[in-house]
Amino acid sequence: MRKYVSFIVKDSEQFKKQLLFYLKKHQISAIYDSCNYKSSQSYSAYDFIAGFEALQTFTGGLQKVKEAFDLGDWALGYLAYDLKNELEHIYSVNHDGLQFENTSFFQPRFLFLCNSNSWQFSYLDDCDTEAQVLSIIDEIKNVVTEEHENKSIKIKQRVNKTAYLKSVKGVLDHIHRGDIYEMNYCMEFYAEHTKIDPFSIYKSLHSVSPTPFSSFFKMKDKHIICASPERYICKRAQQVITQPIKGTAKRSADIEVDKANKSKLKESIKEQSENIMIVDLVRNDLSKIAERGSVKVDELCGIYPFKQVFQMISTVSAKLNHSNTAFDVIKATFPMGSMTGAPKLRATKLIEKYEETKRGAYSGAMGYITPNQDFDFNVIIRSILYNSAQEYLSFMVGSAITAKSNPVEEYEECLLKAKAIFEVLRAK
């Protein structure tokens, strides 16, 4: 049986940093941090979660996802984008330097939970005693956080600008022919024979680009270092919420320029049309598992500020039909529309044709499942993926291509989204 012990933390941010360094010695661990973004976190049950010491792991494909949902305890992990191949009978033959599994979850022996600076430590009482648990908390509070400076990294680009523009023009041809309305096209940046300290990189990215769905995941030699601003989907009892992002504008240190950029994004017909197309798509996805008449748009094209960019975010919710399970929600909605396009199936097939890299965990989802099958998953974007055994580092960026897209502007948007990662990696 799982138990929960409340404890006091004087400085939550310092404790999180100490906990991060404490987790270095563990082969399997996960962190989810809202970075105190309350405005876009109104549906979140927790501000911070960290789990470590795996009692069980669920690695492989769709059946393993179901096992994680049916566990009856906490499960932390990710769904890779290429899980779609099992859901839609699609295949991927593009380059894959990372070799991540299609899904990877674990049942944590120990779990930290925080909400509004109220901390709890959870453990299984058939494994541990409260005295042991308190000793772990004390050990973490005494951790000395030694900074590790990563060397600058030489980053290569899988698709150069010329090839990118050519591919986008190809996608536009499909749009003009009526094959699709919108497609998210992505490209990879990567580094080979590279050694990094993933924990220090996460700390740096967390500092440079704090986001409401920041997260870190380690499964032995596989690492996801994530600064995502986007929620894929969450479930609270019978309520299901998804918050797709479509529409990006850069921030400026100049207050007036910053305001102008925000207004331009808010008034952009192109960005609104991108967002509304995906809202229609996710409404259709949710209708498959929702009670009749319960799917609604709570907010359409809201503008939210982040440290690097403004984002256009919509919120769509539904009441889960009692004949459907939490796992059914994932099957009906994955992969998320914001990272595929419309119609979804045709867009995903064209993604395989035009992209050069197998997405793997990128544009998948990372999050947690609770003992009562509630869950919360982000979209794995603005993220660094690292295979320490292969010494291969990768990050991808993309944008939505619609009939009104300008290929050069789409390319510049991709570079804007990659800005924080280039800064953190001190990229050459």
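General remarks:
- The angle between the Cα long axis of helix 344-354 and the main principal axis of the chain comes to about 80°, on a 0 to 90 degree scale.
- Estimated Rh, the chain: Kirkwood, alpha-carbon pairs, angstrom: 21.9
- Karplus-derived HN-Hα couplings along segment 112-126 (A = 6.51, B = -1.76, C = 1.60, θ = phi - 60°), whole Hz, x at Gly and Pro: 9, 10, 9, 9, 6, 6, 9, 9, 9, 10, 10, 8, 9, 6, 7
- Those aspartates and glutamates that a straight Cα-Cα span of less than 13 Å connects to LYS270, excepting residues fewer than 8 apart in one chain: GLU182, GLU409, GLU410
- Of the trypsin sites (Lys or Arg not before Pro) found in segment 235-291, the ones in coil according to DSSP and having at most 15 other Cβ atoms within 10 Å of their Cβ are LYS288.
- Mean separation of Cα contacts under 8 Å, 6 or more apart, over the residue count of segment 2-424: relative contact order %: 24
- Each Lys and Arg adds +1 at its Cβ and each Asp and Glu adds -1 at its Cβ; summed about the Cα centre, segment 323-384 shows a dipole of about 300 debye.
- Computed packing ranks the peptides 349-361, 98-110, 2-14 as 98-110, 349-361, 2-14, most packed first, by mean other Cβ atoms within 10 Å.
- Remark: segment 227-236, residue by residue, has Karplus-estimated 3J(HN,Hα) of 10, 7, x, 10, 8, 6, 6, 9, 10, 10 Hz, where x stands for each Gly or Pro and the curve is 6.51 cos²θ - 1.76 cosθ + 1.60 at θ = phi - 60°.
- Under-5 Å amide H pairs with TYR232, H placed in peptide plane, nonlocal only: PHE377, ASN378, VAL379
- For the pair ASP374 and LYS270, the difference between a 0.36 nm per residue extended length and the Cα-Cα distance amounts to 33.9 nm.
- Alpha carbon centroid spacing (whole Å) that separates segment 37-94 from segment 96-110: 9
- Rounded to whole Å, sorted largest first: equivalent-ellipsoid semi-axes of segment 136-183, Cα gyration tensor: 49, 20, 5
- Packing order of peptides 204-210, 317-323, highest average first: 204-210, 317-323 (average count of other Cβ atoms within 10 Å over each peptide's residues).
- Ranking CYS35, ALA249, ALA45 by how far each Cα lies toward the positive end of the dipole of segment 2-424 (charges on Cβ) leaves ALA249 at the top.
- Each of THR194, THR315, HIS206 was placed along the dipole of segment 2-424 (beta-carbon charges, centred on the mean Cα), and the one lying farthest toward the positive end is THR315.
- Greater than 29 Å apart at Cα, pairs in LYS288/LYS349; LYS25/LYS331; LYS66/LYS250; LYS16/LYS66: LYS25/LYS331; LYS66/LYS250; LYS16/LYS66
- Violating pairs (Cα-Cα greater than 26 angstrom) within the set LYS166/LYS307; LYS64/LYS220; LYS166/LYS358; LYS24/LYS151: LYS166/LYS307
- Sites ASN150 and ASN117, calculated FRET efficiency, Cβ-Cβ separation with R0 22 Å, nearest 0.05: 0.10
- Rg and Dmax of segment 14-107, Cα atoms only, in Å: 15.8, 46
- Over the chain, dividing the summed -39,500 (n - 2.57) contributions of all DSSP H runs of at least 4 residues by the number of residues returns a 222 nm mean residue ellipticity of -9500 deg cm²/dmol.
- Tilt relative to the chain, helix 255-267 - C-alpha long axis, 0 to 90 degrees, to 10: 70
Every number in this text was worked out from the coordinates using simple rules, so none of it is lab data. The structure displayed is predicted, hence computed values, not measured ones. Positions of Cβ are backbone-derived with ideal geometry, glycine not excepted, and every protein chain shown enters the neighbour counts.
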